[in-house]
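Below is one structure; the comments refer to it alone.
The values are calculated or read from the model by the stated rules, or taken from the named source; none is laboratory data. As the structure is a computational prediction, the values presented were derived from the model and not from experiment. Note: ideal-geometry Cβ built from the backbone for every residue, glycine included; neighbour counts use all protein chains shown. Only protein heavy atoms, including side chains, enter the accessible area calculation; ligands, DNA and RNA are left aside. Shrake-Rupley method; radii C 1.70, N 1.55, O 1.52, S 1.80 Å.
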Amino acid sequence: MADVDYTAKLLNLYRISPPAGSVPTTLLPLSFLDFIWMICRPMRRLFFFQFPHSTNHFMDSVFPTLKRSLSLSLQHFFPLAGNLILPPPPHKPHILYTPHDSVPLTVTESTGGDFNTLIADYPHDAKHFYPFVPDMPESRLLPDGSRAIQNFAIQITIFPNQGLCICIAFQHVVADGIAIHHFIKSWASISRNGGASDSFEGPLPCHNRAAIKDVKGLESIFLQELSSWDSLWNPVPYKPIIDQAPVDKVRTTLVLTRPIIEKLKTWVSAESNNDKELKPLRLSSFIITCSLVWGCLIKSTQSEASGCEDEDELCYFWFLADCRNRVKDPLPPTYFGNCLDAGLVVLKKSELVKRNSTVVAAKAIGKRVEEFESEPFKMAEEWFSLWRACEKAKHFHTIAGSPKLRAYDTDFGWGRAMKSEVLHVDSSESISVQDSRDEQGGIEIGLGLHNTQMDRFMAIWKQNLKELCP
């Protein structure tokens, strides 16, 4: 694979606040559903748009509206402009917004590489994306011993006469995927409508975190867990995001069309019936996609030197489900915070290297999804201990994103996004799942793997699709 030099030149750095006087100093307590996300690195998502215009045209004719629209959006989504305040134990962390707070907005110009290659689906170097990703400012130590952590950052990169990239970075403790995409689409809507103060469309976010009811008394348990999480109190030395770029990974986008998904559902259902299951198998596009990818990933870890001695190894699969409408006192869909249940599926490696691994995985994942619906947060008390166990495991995969987020519906006025990427599939065992840009009901999967494993994975993936969807 030929190496291409992707670089970006800094044009300017701005600090964007809500309109003056629009938001007072506000302290938002965290709910127990936010606490687990305090141990996660910042989330980063990139949106690529066609924009066949010069840098000067963007800065003179487009950027003023984009900047004004961002300020108007932050008036309603003000926690993003604030900071996560981490006081010494036993005090509770919280989000604090003050009128002098702002969001760092970096504007750069691409000076190397090809835009169309960057947004292509085929495998290419993961490091190519990192020049277009914003740095999160280093945390600050306050006089009272608390640590202040920036919640949000944005970078806009112009690819002259080709396209634009808007990349957001945010602390997951502030908002889950549904909440952050509510903000993005609101910002895009105001920009698309000219950036007028009365151009806000859609429902306003709900910031009432007291609406999350802690009926199991998990807050005190989680606070105790966090007090012993060393990385929170002894953060690693600051490192710019460009220096975190992997040098030996490639990333690719896989696409499952709606017809292929339906064929996979039919095949899995038929195979399941052969097992004489009394209960119908729970199948959805999400379950089918996760099951197929998980099996292919585990098979791709096999090498010619592998024997049967590792087939009893446990493989862990961690995924999330929105529970806004599943809790006893349902939350509005516009709730701005975290309302996610975490599900863990554990299978032996021997079950995931079989031909029917998709069926085995679909049964296990489907069962866990049903538990989400019947008893949300059933395993919540174990989240921290389960996460510690997973991080030590040899085979651990997590799902980032969801087709329900409708990432490709994001339109700032230049048309829908051409590509959306989740950056952290490079630095963990994450798999991103989102809607297809080309087809209603299709699914895109984003993967970042080492070169040799990616080659094995792609061969296994193609063979599986050939066998299951002839």
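Details
- His450 being open to solvent by 60 Å² or more (accessible area, probe 1.4 Å) and either of a type outside the set (D, E, K, R) or touching a Ser or Thr at 6+ places or on another chain (Cβ under 7 Å) (or both): yes
- Checking each residue of the stretch 331-346 against the condition of being in contact (Cβ under 8 Å) with a residue 24 or more places away in the chain, over 30 Å from Cys206 (Cα atoms) and of a type in the set (Ser, Thr, Tyr) gives no match.
- Residue within the stretch 162-179 that is polar (S, T, N, Q) and farther than 29 Å from Ile445 by Cβ present: no
- For the stretch 217-239, filtered to residues that are at pLDDT below 85 and assigned to a helix (DSSP H, G or I), the residue that is most open to solvent (accessible area, probe 1.4 Å) is Asp230.
- When Ser73, Ser54, Ser31 are screened for being polar (S, T, N, Q) and over 30 Å from Val433 (Cα atoms), only Ser54 passes.
- Listed conditions (1) at pLDDT 90 or above; (2) open to solvent by 10 Å² or more (accessible area, probe 1.4 Å); (3) outside any helix (DSSP H, G or I); (4) over 29 Å from Phe183 (Cα atoms) are all met by Leu331, apart from (4).
- Among the residues of the stretch 443-464, just one is touching a Leu at 6+ places or on another chain (Cβ under 6 Å) and within 12 Å of Asp121 (Cβ to Cβ), namely Ile445.
- Restricting the stretch 98-134 to residues that are open to solvent by less than 20 Å² (accessible area, probe 1.4 Å) and in a helix (DSSP H, G or I) leaves a set whose member that is farthest from Val4 (Cα to Cα) is Phe132.
- Selection of first residues in the stretch 83-109 that are under 30 Å from Gly163 (Cβ atoms) and of second residues that are β-branched (Val, Ile, Thr), restricted to Cβ pairs under 6 Å at least 6 apart or on distinct chains, gives the following pairs, ordered by first then second residue: Ser102/Ile16; Val103/Ile16; Leu105/Ile16; Leu105/Ile154; Val107/Ile156; Thr108/Thr157; Glu109/Thr55; Glu109/Ile158.
- Any chance Phe200 is among the aromatic types (Phe, Trp, Tyr), under 30 Å from Asp329 (Cβ atoms) and part of a helix (DSSP H, G or I): no
- Matching residues, the stretch 249-263, being in contact with a strand residue (DSSP E or B) (Cβ under 6 Å, 6 or more places away or on another chain) and either of a type in the set (Phe, Trp, Tyr) or exposed (fewer than 15 other Cβ atoms within 10 Å of the Cβ) (or both): Val255
- In the stretch 161-176, residue nearest to the chain's Cα centre (by Cα) [restricted to those that are under 25 Å from Asp34 (Cβ atoms) and open to solvent by less than 10 Å² (accessible area, probe 1.4 Å)]: Asp176
- Test: residue in the stretch 78-94 that is outside any strand (DSSP E or B), among the charged types (D, E, K, R), open to solvent by less than 30 Å² (accessible area, probe 1.4 Å) and over 28 Å from Lys419 (Cβ atoms): no
- For Ser73, the test of being among the small types (Gly, Ala, Ser), over 25 Å from Pro143 (Cα atoms) and open to solvent by less than 30 Å² (accessible area, probe 1.4 Å) is passed.
- Among (1) open to solvent by 70 Å² or more (accessible area, probe 1.4 Å); (2) closer than 29 Å to Pro403 by Cα; (3) free of Cβ contacts under 8 Å to residues at least 40 places away in the same chain - the single one Ser269 does not satisfy: (1)
- Any hit, the stretch 140-159, residues being within 14 Å of the chain's Cα centre (by Cα) and of a type in the set (Asp, Glu): no
- Test: Asp198 is among the acidic types (Asp, Glu) and either without any contact (Cβ under 8 Å) to a residue 24 or more places away in the chain or in contact with an Asp or Glu (Cβ under 8 Å, 6 or more places away or on another chain) (or both): yes
- Restricting attention to the stretch 1-51, the residues being modelled with pLDDT of 95 or more and touching an Asp or Glu at 6+ places or on another chain (Cβ under 6 Å) number 3.
- Taking residues in the stretch 311-323 that are free of Cβ contacts under 8 Å to residues at least 40 places away in the same chain, and partners anywhere that are part of a strand (DSSP E or B), the pairs with Cβ atoms closer than 8 Å and at least 6 places apart or on different chains are Asp312/Lys348.
- Selection from the stretch 414-434 of residues that are touching an Asp or Glu at 6+ places or on another chain (Cβ under 7 Å) and buried (at least 20 other Cβ atoms within 10 Å of the Cβ): Gln434
- Among residues of the stretch 359-413, those that are modelled with pLDDT of 90 or more, open to solvent by 40 Å² or more (accessible area, probe 1.4 Å) and of a type in the set (Asp, Glu), counted: 3
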